[in-house]
Every structure is written in C-alpha cells, then in structure tokens.
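*Asks:* Below is a structure I'd like to ask you about.
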Amino acid sequence: MNILEEIIAHKHKEVAEKRSLFPEKLLEQSIYYGSKSVSLRKYIQREDKSGIIAEIKRKSPSKGMINAHVSVERTSIGYMQAGASALSVLTDQNYFGGKNEDLTTARKFNFCPILRKDFVVDEYQILETKSIGADAILLIAAALESKQIKQFAEFAKSLGLETLLEVHNQQELDASLNEFIDLVGVNNRDLKSFEVSIEASKSLAHAIPNEFVKVSESGISDPEIILELKQEGFEGFLIGERFMTSSRPEKSCARFIEQLSQLEKKQYA
Ligand SMILES: O=C(O)c1ccccc1NCC(=O)[C@H](O)[C@H](O)COP(=O)(O)O
C-alpha cells in the first residue's frame, strides 16, 4: 500500500467514526447557509495579490515534523498581511498534525479565501468543510473515481464552495475534469513516491483548458520558480514547507513575496 492509499483507507474509517458520533442531520443544523464564501478563484486573480496560497502544515508524510509550535492565529494573519492571496489549512490530524480548529481559528481572524486541505472521500467531509467556515475543497484525482469527483464538486457548488481539482499527470487530468471544477492544481509532488519536480506543472500547463484557474502545488522553493510558472499560465501557487520550516512562517512568506515583487519589477523595467 502506498502512502496515499494508506491515508485514504484511514480517512474512510475516520469519516465512519465521525458520522456515528455526529450524523449528517446534526452537521447540517450547524451550518449557517446564509454565510457567503470568499472566492478562491477571484482572489488568486486579483492583481494586487501575489497568487500565493500560503499553507499551514505542521508535519507531512514526506518530511516528518516541520513546525510543531506554529501559532495559527499569528501565521494566518501574517501570511495575509504579507500579500498572500489565500490560505490553505491542513486539517488532517493523523498524517499532517492538523485539526478542524486550525481552520476555524484562521477563519476567525481573516477575511480571505480558505482552502480546506484534506483528503475528501465522502460528502460528509464537504458538509463539514462548510460548517467550519472554509471556502474551497480539494479533490485529489489520484484518490477518487471520476464519477465521485463530479458528484463531490457538484455538491460543493450547491453549498457555495469552490473546488480545486488536484492532478499529477495527463491521464488524471483527462479523466477528472468536469463543469463543477473551479481551479485545477498540478501537484509537483508525486504522492506515491514523494518525488518533487516543477516539470510536472510545466508539462501539463497547456493541457489545462483556460476556463480553469491554474495552480501549481508543492516544492516551490524560490520566487524565480514562480516567474517561470507564470510564463506557463499559472496564476496560483500553493506553498507550505518553504514557509513552515521557519519558526516564523509569516516572516518567511513576507520576505519571499518581497523578493518576488523585486524580481517582477526588474523583469518589466
Ligand atoms: O507533503 C506531503 O508529504 C504529502 C504526502 C502525501 C499526500 C499529500 C502531501 N502533501 C500535501 C500537499 O499537497 C502539500 O502540502 C502542498 O501542496 C504544499 O506543498 P509544499 O510547498 O511542498 O509543502
């Protein structure tokens, strides 16, 4: 079993447990349907922002512990003040050390799009995503059937949530696109081998239809890489480790965005 299969198997068990303790009927009652989502799509395309989706991630299967003592409040506010376009909050506990409260904390202190980064295998989690105040879900093509991707994205839309579809290769892209998807992310990390290569984004860029906002995910370590990815048509950049390995991720993010804007000024001078 590879790590993705292991995570997915664990998720199914986790959802079954949650459902038995807190069934959909109760979850539905906890949702305020009048609350308006903030559009990840629109914020990524705002010209006064960097396009960066800054992630809060304590640990990961590929790196182990990254930042055990992160302050979600300080980091999320700092990321947004630094010029990030949106936040990504990993809520998976077992493999990433996250929790739903991380997202509700980020929500409490920020008016910006928040992507709930988790492993969706069941509609229950989409209801839960709405109930904790996120604006977008992630659907991982490598973990789902194309029929499920459509069903989940349609359900998310009915709740006012946007969907970021994550693919790693042409085959996943061809099998998974549908009219309910808002953004397509190319994960530069192969979730089976953990190999990271920006070439994954570059090679798929032109295969993604222009109606979808293109996001490059993982392994973005330098502002120069963002310039290269922008040339290929990417507008969103999901960054976790590069910031989270610092004891003050928000400061690392601010320096990164400052360097990026200097490079862009030079490019257009
Ligand atoms: O990061 C991992 O090791 C990982 C392993 C298995 C499934 C998913 C994993 N990561 C989730 C992500 O997609 C990243 O957190 C996200 O794209 C940011 O990547 P990075 O900037 O490299 O932290």
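The values are calculated or read from the model by the stated rules, or taken from the named source; none is laboratory data. Keep in mind the model is a prediction, meaning the values are calculated, not measured. Here the Cβ positions follow ideal geometry from the backbone for every residue, glycine too, while neighbour counts run over all protein chains shown. Please note that ligands, DNA and RNA were not included when accessible areas were found on the heavy atoms of the full protein model with its side chains. Shrake-Rupley method; radii C 1.70, N 1.55, O 1.52, S 1.80 Å.
*Asks:* Given a 1.4 Å probe and the protein chains all in place, what does the accessible area of residue 247 round to, in Å² to the nearest 10?
*Replies:* 100 Å²
*Asks:* What percent do you get for the relative contact order of the chain when only Cα pairs under 8 Å and 6+ apart count?
*Replies:* Over the chain, the number comes to 19 percent.
*Asks:* How large a share of the accessible area of the range 3-268, in percent, is made up of carbon and sulfur atoms when the probe is 1.4 Å and the other protein chains stay in place?
*Replies:* 49 percent
*Asks:* Could you pull out the longest piece of the chain with no exposed loop chymotrypsin sites (Phe, Trp or Tyr not before Pro) in it, calling a site exposed if DSSP puts it outside H, G, I, E, B and it has at most 11 other Cβ atoms within 10 Å?
*Replies:* In the chain, the maximal stretch lacking such sites is 112-269.
*Asks:* Another one. Residue 25: which lysines have alpha carbons under 17 Å from its alpha carbon, excluding same-chain residues fewer than 8 sequence positions away?
*Replies:* Cα-Cα hits under 17 Å: 130.
*Asks:* Now for a different question. For the pair residue 4 and residue 31, what calculated FRET efficiency results from E = 1/(1 + (r/R0)^6), where r is the Cβ-Cβ distance and R0 = 25 Å, to the nearest 0.05?
*Replies:* 0.30
*Asks:* I'd like the accessible area for residue 99: 1.4 Å probe, protein heavy atoms, all chains in place, Å² to the nearest 10.
*Replies:* 80 Å²
*Asks:* Please calculate the 1.4 Å probe accessible area of residue 261, with all protein chains present, and give it to the nearest 10 Å².
*Replies:* 40 Å²
*Asks:* Could you put 69, 206 in order of accessible surface area, largest first, with the 1.4 Å probe and the full protein assembly present?
*Replies:* So the residues, ranked largest to smallest area, are 69, 206.
*Asks:* Going by accessible area, probe 1.4 Å, with all protein chains left in place, what is the ranking of 65, 244, largest first?
*Replies:* Sorted by accessible area, descending: 65, 244.
*Asks:* Separate question: For the chain, report the accessible area per residue in Å² (1.4 Å probe, heavy atoms, rounded to an integer).
*Replies:* Here the residues of the chain average 46 Å² of exposed surface.
*Asks:* Dipole size in debye (nearest 20) for the chain around its Cα centre, Lys and Arg Cβ +1, Asp and Glu Cβ -1?
*Replies:* 840 debye
*Asks:* Restricting to the chain, compute how many DSSP beta bridges are antiparallel as a %, nearest 5.
*Replies:* 10 percent
*Asks:* OK, next. Can you compute the modelled spin-label distance between residue 148 and residue 109, with each label point 7 Å from Cα toward Cβ, in nm?
*Replies:* 3.4 nm
*Asks:* At 0.36 nm per residue, minus the direct Cα-Cα distance, what do residue 123 and residue 20 gain on full extension? Give it in nm, one decimal, please.
*Replies:* Between residue 123 and residue 20, full extension yields 35.6 nm more.
*Asks:* Then there's this: Can you give the FRET efficiency to the nearest 0.05 for residue 13 and residue 175, using r as the Cβ-Cβ distance and R₀ = 25 Å?
*Replies:* Taking R0 as 25 Å, the efficiency between residue 13 and residue 175 is 0.45.
*Asks:* Return the lysines within reach of residue 230: Cα separation strictly under 26 angstrom, same-chain partners fewer than 8 residues apart disregarded; answer none if there are no such residues.
*Replies:* Reachable lysines: 42, 49, 57, 117, 202, 214, 251, 265, 266.
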